[in-house]
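Heads up, the thing below is written out as structure tokens.
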Amino acid sequence: MKRRRKIIIPTVAVVLLLSAVGVFLFLEFRVKSVRDELSVLEANSVASSALTAGLTEALDDYKLNYSDIVSFTYDADGNIKSLSADIITLNTLGNEIGNKTDDYINKIGTYKISLPVSALLGVQLVSGIGPDLSFFVTMRGLTSTSFENKFEDEGVNQTRHQIFLNVTIKTHVIFGGDVKIVEYNAEVCIAESIIVGVTPNTFADF
């Protein structure tokens, strides 16, 4: 009987240890999985808010009108011959929007994300129950911009010209020793006008 006890006790201890390790690894996997999903959602939300703030501030500073960006040349009959955009002004505006967007993200610093402990179990019946588990992430933004022209036929001798700002925000989400890059893309119309008059085919199809 004594020999059996000596065998059983170590066996039970090993089973308990392996069970504890299994539970720990399961919870670690669930924490990382849920944390990654929430980090993506939060990073996209922060990027969207940052872009709105950056756009508003930059456009208020520059106060540009369509005529400040686009100019036309005409032929002898008064028809539009060509269109040109002020590339320097557009690039300056794009850089300013990108810088202000990045500043907004970087000023947030450490971001707190909380979720109920029950969310780690993945069981709907107990979802939302229990104390919150909080973890902190740091976000850093890297914004790039480009411009695109779009033309649409609005009727006889009328063409809608729009200048779109294409924005790509790569938010670096840092937690622990991990870095996750979340990409957010947006397209914003920053200027538009209805061009009245005969326009060349190459212009209308640009």
Subset of the stretch 144-160 (residues that are more than 21 Å from I87 (Cα to Cα) and surrounded by fewer than 17 Cβ atoms within 10 Å (Cβ to Cβ)): E152, D153, E154, G155, V156, N157, Q158
Residue, nearest to G141 (Cα to Cα), within the stretch 62-113, restricted to residues that are among the small types (G, A, S) and surrounded by fewer than 16 Cβ atoms within 10 Å (Cβ to Cβ): G109
Residue list for the stretch 129-158, restricted to those being polar (S, T, N, Q) and part of a strand (DSSP E or B): S134, T138, T143, S144, T145, S146, N149, Q158
Hits in the stretch 78-114 (condition: of a type outside the set (S, T, N, Q), assigned to a loop (DSSP other than H, G, I, E, B) and within 24 Å of V196 (Cβ to Cβ)): G78, D86
Tabulated pairs, the stretch 161-181, first surrounded by 21 or more Cβ atoms within 10 Å (Cβ to Cβ), second among the aromatic types (F, W, Y) and at pLDDT below 90, C-beta under 8 angstrom, 6+ apart or interchain: H161/F151
Any hit, the stretch 66-82, residues being closer than 17 Å to N166 by Cβ and modelled with pLDDT of 90 or more: no
Qualifying residue in the stretch 37-44 (condition: in a helix (DSSP H, G or I) and either more than 25 Å from G98 (Cα to Cα) or modelled with pLDDT of 90 or more (or both)): yes
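The values are calculated or read from the model by the stated rules, or taken from the named source; none is laboratory data. Note that the structure is predicted; figures quoted are calculated from it, not measured. Glycine gets a Cβ as well: all are built from the backbone with ideal geometry, and neighbour counts include every protein chain shown.
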